[in-house]
């Protein structure tokens with residue numbers, strides 16, 4: 001996904017609203033999840049959302065998302081945002097995050113999703129480390145349920 005950042009996308013510092021960027025990231029992650037599973041999906045969680053550099057008005061952002069790992073019905077999607085100054089050509093990775101989506105059957109219930117075959121070095125690295133992140137998410141969810 002590619003977007004040009006306009007003044008209406010930015011705050012009083014002329015940098016992009018984080019919430020607006022998260023919306024774009026969620027959409028890109030949803031598309032990646034649906035392409036992978038070929039079914040309806042819903043966002044289950046977002047974590048490790050790291051803002052590394054500001055995105056300024058007039059820059060272009062490119063959002064890339066791919067499925068890193070799957071469990072029975074859930075998919076971990078890595079999303080990376082790169083900003084580009086169109087006048088200088090300077091490119092900067094500005095935000096990264098992990099999203100979890102769940103595949104749904106025709107009744108809206110969790111459904112099995114296909115596995116992942118990592119190809120690039122980055123994909124292999126994220127695939128290998130994904131089970132640890134999955135366990136942390138499960139623990140975090142369980143802790144929140146117990147806190148109620």
Check your understanding: Does the range 90-121 hold any residues that are within 19 Å of the chain's Cα centre (by Cα) and over 24 Å from residue 38 (Cβ atoms), and which are they?
Key -> 92, 93, 94, 95, 96, 121
Practice item. Scan the range 1-16 for residues that are exposed (fewer than 15 other Cβ atoms within 10 Å of the Cβ) and either in contact with a helix residue (DSSP H, G or I) (Cβ under 6 Å, 6 or more places away or on another chain) or not in a strand (DSSP E or B) (or both) and report the count. Key: 8
Check your understanding: Residues in the range 9-31 that are in contact (Cβ under 8 Å) with a residue 12 or more places away in the chain and under 18 Å from residue 64 (Cβ atoms): how many?
Key -> 11
Check your understanding: in contact with a helix residue (DSSP H, G or I) (Cβ under 8 Å, 6 or more places away or on another chain), surrounded by fewer than 16 Cβ atoms within 10 Å (Cβ to Cβ), at pLDDT below 95 and farther than 24 Å from residue 140 by Cβ - does that describe any residue in the range 107-114?
Key -> no
**Study point:** Where a residue in the range 132-148 is surrounded by 10 or more Cβ atoms within 10 Å (Cβ to Cβ) and its partner, wherever it lies, is at pLDDT 85 or above and assigned to a loop (DSSP other than H, G, I, E, B), with Cβ under 8 Å and at least six apart
**Key:** 134/71
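The values are calculated or read from the model by the stated rules, or taken from the named source; none is laboratory data. These numbers were taken from a predicted model, which means no experiment stands behind them. With ideal geometry, Cβ positions are generated from the backbone for all residues, glycine too; neighbour counts draw on all protein chains shown.
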